[in-house]
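Some notes on the structure that comes next.
The values are calculated or read from the model by the stated rules, or taken from the named source; none is laboratory data. Everything numeric in this text was worked out from a predicted model, so none of it was measured. Positions of Cβ are backbone-derived with ideal geometry, glycine not excepted, and every protein chain shown enters the neighbour counts.
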Amino acid sequence: MFSNLPPVTKALLIANGVVFLLQQLLGDAMFAPFMLWPLGDPGGDPFAMSQSFWPWQLLTYGFLHGGFAHVAFNMLALLMFGAPLEYTWGNKRFLTYYLVCVAGAGACQLAVASWTLSQGGGMYPTIGASGGVFGLLLAYGMLFPHQRVMLLIPPIPMKARTLVIVYGAIELLLGATGLQPGVAHFAHLGGMLFGWLLIRYWRGQPPFGKRGPPRPRIVR
């Protein structure tokens, strides 16, 4: 199965796995400069340089994870939704889409985290590929809306379009109410938002008019 994966999906799986192993061997402190830190003054910390925002963090944070369950669920979703999207779009367009979703999710998280910091919240970094994964989920629901998928917990089959709506609503509810602290819900929503905007651009749909490139055909 792994040998039949398209190259970009396979490379992303390997990269995330290798980085996770390095985190376990070297410790998270070694990767602090690559986590996504809020915009703000880290204070008098002697390691402030490693706890400040740098532009590359908008991509590198998406290759770091907080635990085995975190990386396992993200990679499972990347496997499920990334491979069919790459086969449909091709390697270059799929990689562009994924990285735009990761960076867009990071930008949304920056805005939320920086606002929280200004209200007296703590200086905490964000890590994980979830923003990119939620972007893939959104794209899968848009390109294959009637494809049936099975949830793991609970094991309920549903159409891909329904799954996108359910997950989006849950993330919005949890983000707005704060019922699940410690999870970057608005980064997840940001990945979906930027993915939706990029697909609209490619299709030449509002708010981009007809300036985008032609909509890619789906090969079945």
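Each row is one residue, and each column tells you yes or no for (1) farther than 17 Å from residue 99 by Cβ; (2) over 21 Å from the mean Cα position of the chain (by Cα); (3) modelled with pLDDT of 90 or more.
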site	(1), (2), (3)
3	yes, yes, no
20	yes, no, yes
36	no, no, yes
56	no, no, yes
61	no, no, yes
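Does segment 101-149 hold any residues that are part of a helix (DSSP H, G or I), out of contact with any helix residue (DSSP H, G or I) (no Cβ under 7 Å at 6 or more places or on another chain) and either among the small types (Gly, Ala, Ser) or buried (at least 24 other Cβ atoms within 10 Å of the Cβ) (or both), and which are they?
Residues of segment 101-149 that are part of a helix (DSSP H, G or I), as a first pass: 101-118, 130-143.
Checking which are out of contact with any helix residue (DSSP H, G or I) (no Cβ under 7 Å at 6 or more places or on another chain) leaves us with 110-111, 113-118.
Those that are part of a helix (DSSP H, G or I), out of contact with any helix residue (DSSP H, G or I) (no Cβ under 7 Å at 6 or more places or on another chain) and either among the small types (Gly, Ala, Ser) or buried (at least 24 other Cβ atoms within 10 Å of the Cβ) (or both): 111, 113, 114, 118.
What are the residue pairs meeting all of these: first residue in segment 111-133, first residue without any contact (Cβ under 8 Å) to a residue 24 or more places away in the chain, second residue in a loop (DSSP other than H, G, I, E, B) and of a type in the set (Ser, Thr, Tyr), Cβ atoms under 8 Å, and 6 or more apart or on different chains?
As it stands, the answer is none, since no pair meets every condition given.
Just one of the numbered conditions (1) within 19 Å of residue 128 (Cβ to Cβ); (2) at pLDDT 95 or above is not true of residue 87; which one?
Only one criterion in (1) within 19 Å of residue 128 (Cβ to Cβ); (2) at pLDDT 95 or above is unmet by residue 87, namely (1).
Restricting the search to segment 177-206, which residues are over 21 Å from residue 133 (Cβ atoms), exposed (fewer than 12 other Cβ atoms within 10 Å of the Cβ) and either at pLDDT 85 or above or of a type in the set (Gly, Ala, Ser) (or both)?
Once the filter is applied, which keeps residues that are over 21 Å from residue 133 (Cβ atoms), exposed (fewer than 12 other Cβ atoms within 10 Å of the Cβ) and either at pLDDT 85 or above or of a type in the set (Gly, Ala, Ser) (or both), segment 177-206 yields 178, 206.
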